[in-house]
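Note sheet for the following structure.
The values are calculated or read from the model by the stated rules, or taken from the named source; none is laboratory data. The structure displayed is predicted, hence computed values, not measured ones. Virtual Cβ from ideal backbone geometry, glycine too; neighbours counted across all protein chains shown.
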Amino acid sequence: MKILQNSEIPIYKQIAMQLKEEILSGKLTAGEYLPSIRGLAKDLKISVITTMKAYEELCAEGLVTSVQGKGFVVNPQDTAMIREQRLREVENHLLEALEAAKTIGMTVEEVKDLITVLDHAE
Amino acid sequence: MDSVIVAKGLVKKYKKFTLGPVDFEIPKGFSTALIGANGAGKTTLLDTICGIVAPSKGEVTYFGEITDIEEGETKERIGYQAAQGMYPMSWTPYDVAVANQLGFKGFHEERYWELCKKYGVAERGERKQTLMKMSDGNRIRLRLAAVFARDTELLVLDEPGSNLDPLMRDRLCGQFREYLEEGDGEKTILFSTHNIADMENVTDYAILMYDGAVIESGFVNELCERYVLVSGERATFDKIQRSLLVEDRNMSTCFGFAKAEEKEKLEKAGAVVETPNLQQLSIFLLRYAEQQNS
Amino acid sequence: MRELVWQLNMKKPVILLLAGTFAVILFPICTMIGEDTVLEAICRMIFLTLGVTALMLYEERILLLRGKGPGYTFYRSMPHTAEKEKRRWCVADLFLVTTASVWFLFYEGLRLLVNDCGSAGFLYALFLGYLLCTHLFYRHPYILLCVIISGMFLLGFRPWVSVHWAWMLLAVGVFVLGEVWFYQNIGKLWVKER
């Protein structure tokens, strides 16, 4: 896991985002346990409450479940739901891009072209 | 959440200082920082709950059921280290080992000497150098080696980070996390500090003290979210003055500190707000307490 | 040895009982050895030392219980018998030690006064002087108490030089060295800090 100590994104968010990525991409599979909160805190050199908050966030999103006395287990992921979620993310990013485009007077057509150019460049 | 210590109406009266009455809880499985200025009563509070001095009034419950610290093996389960005067100054590292061996069942001499070596304070079996001849930093290292060499469920450390160099303080934080991980929710740390910045990333729960009273306590994230740091122009500050608990006015910009409920109002007035970190929160809360007091 | 003393001091107040009993039983034997001999004087000083040691041991325990003095914090952080139990032991200690010491010092002083004995009395006075110095050094109120009580009985006593000079000096030397060794090696674990 990568942690930026001085980033604007809170550390618990960074952890949650990376674990979410691993779960959604299938790196962490259903039934697997996340590292213990205190073990992860030790490895990342951060406080226990920070890792706990990250795990609670994942819990709230339904990605993992807290098992009494055992830790946090990865839930089986609904592929259709993941797709849905990802789609929403794409939507959000595009909306942001459109907002930014508007501020400098770019038309939707121009944005579409830019996307095509970027896709080719990649 | 389980509490390892619950204090109710705790009072300790001295001739010139009175602690409390204070009520607080120490959550089990976490690291709790007791923050306050010098003379706020941190040491008195720690001494009172660890049975070093008897409380004048009030009740403390240990490990969920025990109300008398002298009962059975309660003290065996608590690893207490004072900031000063823990051992007679004429003792050597060897004497400290002997004393702990005799005093506690769960003391591992082997582990003690390993830690002494790791912290660079003494070689195995050191019988020459007395505490009197050691630097303050080395005395703390020795005390830490002694307390970490014991099997305990609750560590109570008075100012463990002061007088330590940055490297050793980092090592201490590592030791804290290792202890918590070992316990897997069963081991707890309570430590006092007047400099929270270096210990912030091992602090889960904080208790802030001012002049013998607990002024605020809670899990760090929740605690910090109860308040906001405010920044803005002088003109803006003239408008929002009444919402601020503490303020700092300069020519070019002003800083302030307010309750989180005021956030919207402050933003509407044109100030920028953000959630403080523990260090900032401690400073402003202590300043606020001081302001209220005078 | 140090571990043993430490353990006895920390965990077994019985040592006080033993020290007291020892002094009480052996004192009459000492008086039977003969009067005004160096051997007798040495025996007396051994008992006086025992008495003072016991007092200091007691004082140390009182300090620990009251939570005073350097190093007490460690003792108080250790698991103990219940506070009440500790107090009871202390009262017992106090009774035993005070009775033994006062009786001992009183009897000793009276004997010297009555017998007007030379070398032994002089040696005894020297020893008291030494105790006084120890008190100034360690600021131990109980040592001062011993000195005052003994001194009172010595007031009417006129010491003069006798034939046992060499023996006396040797005995005093041994005692002073013995005391120093005691403080340095064993006593320092529980003797009050300077």
Failed item, numbered, when B:ASP23 is tested on (1) outside any loop (DSSP other than H, G, I, E, B); (2) surrounded by fewer than 21 Cβ atoms within 10 Å (Cβ to Cβ); (3) facing chain C (nearest Cβ under 8 Å): (3)
Test for B:TRP113: is it farther than 29 Å from A:ILE37 by Cβ, among the hydrophobic types (A, V, I, L, M, F, W, C) and more than 14 Å from chain C (Cβ to nearest Cβ): yes
Residue match in segment B:66-76 (condition: out of contact with any Ser or Thr (no Cβ under 9 Å at 6 or more places or on another chain) and of a type in the set (A, V, I, L, M, F, W, C)): yes
Selection from segment B:140-158 of residues that are more than 18 Å from the chain's Cα centre (by Cα) and either surrounded by fewer than 20 Cβ atoms within 10 Å (Cβ to Cβ) or at the interface with chain A (Cβ under 10 Å from one of its Cβ atoms) (or both): B:ASP151
Helices (runs of 4 or more DSSP H) enclosed by segment B:45-128 - at least 2 residues per element that are modelled with pLDDT under 85 and surrounded by 14 or more Cβ atoms within 10 Å (Cβ to Cβ): B:93-103
Pairs, first more than 15 Å from B:VAL53 (Cα to Cα) and more than 8 Å from chain C (Cβ to nearest Cβ) in segment B:67-78, second part of a loop (DSSP other than H, G, I, E, B) and of a type in the set (S, T, N, Q), C-beta under 9 Å, six or more apart: B:ARG77/B:THR152
So B:SER252, is it over 23 Å from the mean Cα position of the chain (by Cα) and polar (S, T, N, Q): yes
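Residues B:LEU45, B:LEU10: which one is away from chain C (no Cβ under 14 Å) and farther than 15 Å from B:ALA206 by Cβ? Full working, then the answer.
Numbers: B:LEU45 fails: farther than 15 Å from B:ALA206 by Cβ.
Answer to the selection: B:LEU10.
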Yes/no for A:LEU87 being at pLDDT 90 or above, exposed (fewer than 11 other Cβ atoms within 10 Å of the Cβ) and farther than 25 Å from B:THR32 by Cα: no
Of residues in segment A:42-89 being more than 13 Å from chain B (Cβ to nearest Cβ) and part of a loop (DSSP other than H, G, I, E, B), the one farthest from B:ALA33 (Cα to Cα): A:ASP78
Subset of segment B:159-188 (residues that are touching a residue at least 12 places away in the same chain (Cβ under 8 Å), more than 8 Å from every other protein chain (Cβ to nearest Cβ) and not in a loop (DSSP other than H, G, I, E, B)): B:PRO166, B:MET168, B:ARG169, B:ARG171, B:LEU172, B:GLN175, B:PHE176, B:TYR179, B:THR188
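Yes/no per residue for (1) closer than 30 Å to B:ILE69 by Cα; (2) crowded, with 23+ Cβ neighbours inside 10 Å; (3) touching a Gly at 6+ places or on another chain (Cβ under 6 Å); (4) at pLDDT below 95:
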site: B:PHE176; (1), (2), (3), (4): yes, yes, no, yes
site: B:ASP184; (1), (2), (3), (4): yes, no, no, yes
site: B:ASN195; (1), (2), (3), (4): yes, no, no, yes
site: B:GLU200; (1), (2), (3), (4): yes, no, no, yes
site: B:GLY212; (1), (2), (3), (4): yes, no, yes, yes
site: B:SER217; (1), (2), (3), (4): yes, no, no, yes
site: B:GLU225; (1), (2), (3), (4): no, no, no, yes
site: B:ALA235; (1), (2), (3), (4): no, no, no, yes
site: B:SER243; (1), (2), (3), (4): no, no, no, yes
